Amino acid sequence: MIFETVKHLNPEAERLLRSALNAADQDTEGELDAIRAGLAEGSLAAGLARETDTPLGLAIWRWEDPDRRFGAVDWLTVRSGAPESAGEALVAGVWAALGASPVLAMIGARLRGDPPGVRAALARRACVVFERHFMLYSLRGFKPSTDALPDGYRLVAWTDGHQAAVEALAVLSLEGSPDTVVLSEAQPDQMAASLRQIRTGAYPGSGPWNGAASRVMLAADGAAVGYLAATDMGRLGFIMDVAVHPAHQRRGLARHLIEHCLAAYGSQGFEAVGLAVTALNPARQLYERMGFVTLDVGQTAIWWADGRQLAWKDSE
């Protein structure tokens with residue numbers, strides 16, 4: 001079995017990818033066009049596992065950061081009926097390509113289905129599979145809560161004056177969170193920049209900031225003890241991040257932040273509000289109690305150079 005990187009997809013490789021896109025219920029033509037464009041401009045890379053001239057496996061990957069610390073594998077697909085050696089060759093080839101970066105810290109590989117040999121090859125490389133839930137709250141018939149905030153707390157608009165305190169709170173909220181393993185952007189040294197990008201509408205893959213739906217929670221002494229960041233995805237509102245200081249948890253503050261967000265989006269005529277959450281994050285239970293429904297569950301195999309993923313190996 002041979003693995004080779006390619007700069008464009010030949011007809012056989014495109015047929016293999018088209019089959020995978022159809023099986024994943026994707027916008028096949030739109031995704032194909034995006035992948036072709038990414039390969040042409042160099043933002044995506046591709047590799048084939050093949051015997052003679054027949055491609056048996058295809059991988060598509062990219063870098064999530066300009067420093068090439070975080071690699072993301074978007075597709076690992078193997079032809080149905082192919083030997084498991086095709087999956088092994090595919091994973092080995094991608095790991096070698098990404099491993100050429102001297103500062104490689106993490107690889108996240110999106111899993112779709114059970115392509116022959118792929119999961120076993122990832123397990124041999126000490127990857128741990130995590131689930132992310134995409135959840136949706138329908139605003140049809142939504143009625144804002146009349147529950148009052150606990151004494152001493154108030155919700156205020158998120159201003160530049162709150163930014164430094166919110167950034168410090170964001171870093172604190174990451175301690176012990178599975179998100180620091182699953183998400184390359186959820187790293188303490190990146191959270192400040194991520195929140196600034198969200199507020200300016202520059203966060204990759206996100207929409208414009210919704211200031212009415214986003215709020216900061218203040219305690220009696222004026223300290224920022226919680227926040228919710230929301231952006232617009234067309235007619236879908238989206239909760240990008242929500243956090244409450246550990247010393248102020250279990251008082252319903254996160255629920256109040258979310259209820260304000262839902263009410264704000266409802267008053268603006270949005271139809272629904274979405275969010276994404278790691279399955280192991282305790283916040284998922286809160287979202288379910290509030291009426292968020294899981295529409296899709298994605299699996300990602302995570303590898304870190306420092307092995308931090310292994311602490312979560314038996315937690316799913």
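Just so it is clear, none of the values below were taken in a lab; they were calculated from the coordinates. Because the structure is a prediction, the values reported are computed rather than measured. Here the Cβ positions follow ideal geometry from the backbone for every residue, glycine too, while neighbour counts run over all protein chains shown.
So what is the calculated 222 nm ellipticity per residue for the chain, using -39500 (n - 2.57) for each DSSP H run with n of 4 or more, over all residues, to the nearest 500 deg cm²/dmol? Before the final figure, lay out each step's value.
Numbers: 9 runs with 97 residues, N = 316.
That calculation yields -9000 deg cm²/dmol at 222 nm.
By its C-alpha gyration tensor, with a ≥ b ≥ c as the square roots of the eigenvalues, how is the range 71-116 shaped: rounded for a/c under 1.5, else prolate for a/b larger than b/c, else oblate? Let's see the in-between values first.
Working: a/c = 3.88, a/b = 1.86, b/c = 2.08.
Oblate, since a/c reaches 1.5 and b/c is not below a/b.
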For Thr52, placing the label point 7 angstrom along Cα-to-beta-carbon and taking the range 1-34, residues whose amide nitrogen sits under 20 Å are 1-4, 10-16
Once phi is turned into θ = phi - 60°, what whole-Hz ³J(HN,Hα) does the Karplus curve with 6.51, -1.76 and 1.60 give for every residue of the range 199-205, x standing for Gly and Pro? 5, 9, x, 9, 6, x, x
Its Cα gyration tensor gives the chain an equivalent ellipsoid whose semi-axes in whole Å, largest first, are 40, 20, 18
Between Ala220 and Ser267, what length comes free when the chain is fully extended (0.36 nm per residue of separation minus the Cα-Cα distance, one decimal in nm)? 14.1 nm
If I model a spin label as a point 7 Å beyond the Cα along the Cα-Cβ vector, how far apart are those points for Ala24 and Ala165 in nm? 4.2
Which order, highest average first, do 37-48, 86-97 follow once you tally other Cβ atoms within 10 Å for each residue and take the mean per peptide? 86-97, 37-48
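Just to verify a number: FRET efficiency for Arg62 and Ala247, C-beta to C-beta distance, R0 = 45 Å, to 0.05? It would help to have the intermediate numbers written out before the result.
On the way: r = 39 Å, r/R0 = 0.88.
For Arg62 and Ala247, the calculated efficiency is 0.70.
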Please report the net charge: other residues with Cβ closer than 15 Å to the Cβ of Thr28, K and R +1, D and E -1. -3
Simple spin-label model, 7 Å along Cα-to-Cβ: Leu172 to Ala276 in nm? 2.7
In terms of the charge dipole of the range 135-297, which places +1 on Lys and Arg and -1 on Asp and Glu at the beta carbon, the residue among Ala170, Thr159, Val181 farthest towards the positive end is Thr159
Restricting to the chain, compute how many DSSP beta bridges are antiparallel as a %, nearest 5. 90
